[in-house]
Amino acid sequence: MRKTIIIVLFALIASAWGYYYNYDSNYNSNANKVLLSSVQTLTFSKSKYTTGRRSRPIPQMTCERGSASCSFAPSSMQCYNRGFDGRDVQWECKAELDKGVSLGETVVSCEGYDYPDDPYILVGSCGVRFKLERNADYGTYHNHHRRGYNGYNDYNDYNDYNGGGFWSWFDNIANFIFTVSSMNSFYYRSSLFCLLFGSSGSTLSSKSSSSH
């Protein structure tokens with residue numbers, strides 16, 4: 001009798017555990033499963049990856065170069081559900097872009113939950129491929145704001161950073177020395193001496209003046 005009671009209790013515990021496990025699995029499964037056509041907005045980030053159940057994760061945003069460089073790619077993008085044609089969702093995507101650059105072709109793709117064309121998708125599995133195109137303002141804006149390889153706005157910024165002011169001063173001194181060296185006048189030679197040796201040169205120049 002006692003043995004029978006133990007067996008019955010064990011069976012009840014096993015049954016309860018199985019029910020709980022199946023419920024938990026179904027709950028988690030449903031929590032990660034959503035009907036694609038019911039999704040109204042998708043937000044993508046340049047620094048994040050998709051989730052994967054049947055395939056490996058990929059970057060949420062992938063730029064495929066159009067007429068404008070992918071260096072102008074935005075850091076985030078939002079795509080809005082504009083209708084369902086019975087097969088695919090029609091997405092409208094928007095992002096903040098530099099003036100002169102527009103969003104071209106965009107393709108949103110998601111992982112079907114159980115098979116490739118499953119109308120239900122894995123939550124977080126969607127990604128977007130896009131192209132960037134130049135618009136009418138591209139030439140005017142980007143020629144004015146063009147940056148060099150070192151990140152400077154123009155040649156003058158780069159030249160100043162690399163000591164352009166010093167070399168300009170040095171060139172002026174060199175030109176002055178060359179000009180003075182080609183002259184025989186004692187006055188110009190005295191001026192050069194003053195320039196190079198400061199106050200000591202001034203004192204010698206004063207003595208020279210008093211001797212005349």
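Filtering Leu42, Leu12, Leu35 for residues that are more than 29 Å from the chain's Cα centre (by Cα) and modelled with pLDDT of 80 or more leaves a single hit, Leu35.
In the range 82-132, the residue that is surrounded by the most Cβ atoms within 10 Å (Cβ to Cβ) out of those that are among the acidic types (Asp, Glu) and in contact with a Phe, Trp or Tyr (Cβ under 9 Å, 6 or more places away or on another chain) is Asp98. Checking Ser67, Ser71 one by one, the residue that is among the hydroxyl-bearing types (Ser, Thr, Tyr), more than 28 Å from Leu35 (Cα to Cα) and not in a loop (DSSP other than H, G, I, E, B) is Ser71 and no other.
To keep it simple, each residue is scored yes or no on (1) of a type outside the set (Phe, Trp, Tyr); (2) at pLDDT 90 or above.
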residue	(1), (2)
Met1	yes, no
Tyr21	no, no
Arg56	yes, yes
Met77	yes, yes
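The values are calculated or read from the model by the stated rules, or taken from the named source; none is laboratory data. Just so it is clear, the model here is predicted, and its values are computed rather than measured. Methodologically, a virtual Cβ is constructed for each residue, glycine included, from the backbone with ideal geometry; neighbour enumeration extends over all protein chains shown.
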